[in-house]
Amino acid sequence: MKFPIKFFDKQEPKKVKDVSNQPKTVSEILQEQSQAGLDQYRRSTQRLFASSFSAGLELGFSLFLIGIFYTLFHGKIEDYYLTCLIAVAYSLGFIFVVIGRSELFTEHTTLAVIPVLQGITSIKSLLKIWIIIYIGNLLGGYLFSFIFVTLGPAMGIISKEAFYHLAIKMVDFNWAIILGSSIIAGWLMGLLSWLVTSAQETISRIIIVALITTVIGFGGLHHSIAGSIEVFAGTISDARIKIGDYFHFQSWTTLGNIIGGVVFVAIMKYTMVEKNIAKENSDES
């Protein structure tokens, strides 16, 4: 038995516009930042702490590589070449943390603030998030410092003088210089968070992280977590770095990083986007 064959008009498939490579609008970036911040509010305390502890450990690899470079090349090459090597090495741990999606305090001085500005969550919840991530980062950094100080000299790859050098260049300033430097570092880390969200591909994100953190390394700017590892390692390995030096550094650097991330990125970007949306709405009406 033969069945009649139906012929259908062949229609060309509709072409869908590829927007994967289109730059994101500031509104889209803000929305993704807000969502990323909210995701952390929804995580359990245990998971958030574990992620932030991991970030403290991972960030230590920047200082590990810096210590090796200092030990190998100090006094053997010109200081400006050594400065360049150290600045490039500074980005390693940040790449591990940001691309690996561990939680870093200086990112959350921007990310966790945006939902508060939007009225989605409270300042009390913000402080809780900050405290968990900050303590986790510090404890992870302390553990890495002990490993760093114990294994480095024992293996002959990092000299004890390297620990002193890394620490003294962080603490040998008055409070105003440390505060100002850490505000700029916090500002840069907030921009890093914003730009990483705007990037579409992993390689683009790695380049952004490397560029911004290399600037922090070149400038010798004060970062409350990476710097904590540097100064704490110096404190436990060299009597010339006092515990008071550590707390002096840590308190002013933390305050400065918060100001830089909150004021110069979270608030300014949020205000800019809200004004753009208000303008668009008024134009439509």
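Key figures for this structure:
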item	result
Filtered residues of the range 111-134 (kept if closer than 23 Å to Gln46 by Cβ, assigned to a loop (DSSP other than H, G, I, E, B) and free of Cβ contacts under 8 Å to residues at least 40 places away in the same chain)	Ser122
Residues that are under 18 Å from the mean Cα position of the chain (by Cα), crowded, with 17+ Cβ neighbours inside 10 Å and either β-branched (Val, Ile, Thr) or over 22 Å from Ile241 (Cβ atoms) (or both), drawn from the range 135-166	Gly136
Residue in the range 231-248 that is within 18 Å of Ala87 (Cα to Cα) and either touching a residue at least 24 places away in the same chain (Cβ under 8 Å) or crowded, with 23+ Cβ neighbours inside 10 Å (or both) present	yes
Hits in the range 249-273 (condition: hydroxyl-bearing (Ser, Thr, Tyr), within 23 Å of Phe173 (Cα to Cα) and surrounded by fewer than 21 Cβ atoms within 10 Å (Cβ to Cβ))	Ser251
Test: residue in the range 61-72 that is of a type in the set (Gly, Ala, Ser) and at pLDDT 95 or above	yes
Matching residues, the range 135-160, being in contact (Cβ under 8 Å) with a residue 60 or more places away in the chain and outside any helix (DSSP H, G or I)	Ile157, Ile158, Ser159
Residues satisfying the stated conditions in the range 169-183, i.e. β-branched (Val, Ile, Thr) and crowded, with 19+ Cβ neighbours inside 10 Å	Val171, Ile178, Ile183
Breaking point among (1) among the aliphatic types (A, V, I, L, M); (2) closer than 23 Å to Ser51 by Cα; (3) in contact (Cβ under 8 Å) with a residue 24 or more places away in the chain, for Leu166	(2)
Pick from the range 192-230, criterion without any contact (Cβ under 8 Å) to a residue 12 or more places away in the chain and small (Gly, Ala, Ser), ranking: nearest to Ile131 (Cα to Cα)	Ala199
Residue selected from the range 106-161 under the condition more than 19 Å from Ile225 (Cα to Cα) and among the basic types (Lys, Arg), by the criterion modelled with the lowest pLDDT	Lys160
Filtered residue count, the range 218-277, keeping only those that are outside any helix (DSSP H, G or I) and either within 17 Å of Phe105 (Cα to Cα) or not aliphatic (A, V, I, L, M) (or both)	9
Residues that are hydroxyl-bearing (Ser, Thr, Tyr) and surrounded by 14 or more Cβ atoms within 10 Å (Cβ to Cβ), drawn from the range 112-134	Thr121, Ser125, Tyr134
Condition broken by Leu127, with the remaining ones in (1) touching a Leu at 6+ places or on another chain (Cβ under 7 Å); (2) under 22 Å from Thr271 (Cα atoms) satisfied	(1)
Residue that is nearest to the chain's Cα centre (by Cα), among those in the range 62-77 that are over 25 Å from Val209 (Cβ atoms) and of a type outside the set (Ser, Thr, Tyr)	His74
Set Ile158, Ile184, Ile177, Ile147: member being touching a Phe, Trp or Tyr at 6+ places or on another chain (Cβ under 8 Å) and not acidic (Asp, Glu)	Ile158
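The values are calculated or read from the model by the stated rules, or taken from the named source; none is laboratory data. Owing to the predicted nature of the structure, the values given are computational and were not obtained by experimental measurement. Methodologically, a virtual Cβ is constructed for each residue, glycine included, from the backbone with ideal geometry; neighbour enumeration extends over all protein chains shown.
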